[in-house]
Every structure is written in C-alpha cells, then in structure tokens.
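Report on the following structure.
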Amino acid sequence: MAAGVAALAVFIALLISAAANSGWAATFDQDLHTWLLAPRTATLTLLARTATVTATPAVATVLVLAIAAGIGTGTVSARLRRASLVGAIMAPALLARYGLSQLVARQRPPREDWAWHASGQSFPSGHTTAAALAAGRVGWLAIHRVTSGTSRIDVTLAAGSSANSPPTTSSTTV
C-alpha cells in the first residue's frame, strides 16, 4: 500500500512538472534529450524502433490478449473469458492515459530528432503505459499458473523488471 501511495505521489509530481514545462524538470528533460542523441548508432536506432513497435498500445494489447488466450489449461471459452478480462483491465487504463495526455498537452521533442514516427502528446507515454500494463497482466497470468510461493515471487519480480528493462520509448523519439 505504501509503495502504491509513493508511486502515485511521484506520478503526480511528474504530471505537474510536465504540465508546467518549466523549472528543474524541463532542464533535466532537455539534458536527457541531448544525452540520448549523442550515442545514436544504426544498431541502437534499430533496437529502439523494435521496442517502439512492440510497445505500441495496439500491438502490446494484442500480444497480451494472445498470451491470455493461449496460456494455461481449460476450455476455449475459459481462455477467451480470461483474455476478455485482461482486455477489460487494459482498455480503461489506456483510455485514461490518452485522456490525461490530452489534458497535459505536452509537446514532443523536435521531429528531426525522432528515430521513428510518433503521434499525439508525449506525457504520459502511451508506450510506457502499454508496456507496464502488458508486463503486469502477463505477470498476473503467470502467477496464477504457478503454485509455489517462491515461484510466484520470482514471476512477480520478473514481470516488474521486464516493464523497466527494454529501451525506453523516450530514446526512440529523441
């Protein structure tokens, strides 16, 4: 519970600073943008583009729905119900992210710095939201497949770290 409250507080602070687009956060953001541009190579750009494509909300949702329908045992209808539940969890979260991004209306970096096509507002990130939701849902599906407590902890840690381990989408738009 405390971790959830802390995460919410950090998100609200980021939301306020992104909406204001000034102060320390704007300076940090510009410095990070410049730093990410420096080592850009063809290989890193390809990796960033791959991460971008697989983390788009549409692709991530389809992948998670396919995993939900395919994982585990049970009848076809049970698997489809499980996939429907996962979709019912992901869809409102993605819609809320979209609505929030329209309210904040934070612009993207200059187009000439992009490694791949981008659209819409930049905060909160649709790719990051989709990746976190996908990792959480796949982790949830996996936890319900294992029986031992240790394995459940391992799956939970793996799902949490996988949401943070691929290249961030900021590296694809800067």
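Read-outs throughout are calculated quantities, based only on the coordinates presented, and are distinct from any laboratory measurement. On a predicted model such as this, the values are computed, not experimentally measured, just so you know. Here the Cβ positions follow ideal geometry from the backbone for every residue, glycine too, while neighbour counts run over all protein chains shown.
Structural remarks
- Pairwise label distance in nanometres, residue 33 with residue 2, each label 7 Å out on the Cα-Cβ vector: 3.8 nm
- When each of the peptides 130-137, 46-53 is scored by how many other beta carbons lie within 10 Å of its residues on average, the order from highest to lowest is 130-137, 46-53.
- Each residue of the range 10-19 was assigned a 3J(HN,Hα) from its phi angle through the Karplus expression (A = 6.51, B = -1.76, C = 1.60, θ = phi - 60°), giving 5, 4, 5, 4, 5, 4, 5, 5, 5, 5 Hz with x at Gly and Pro.
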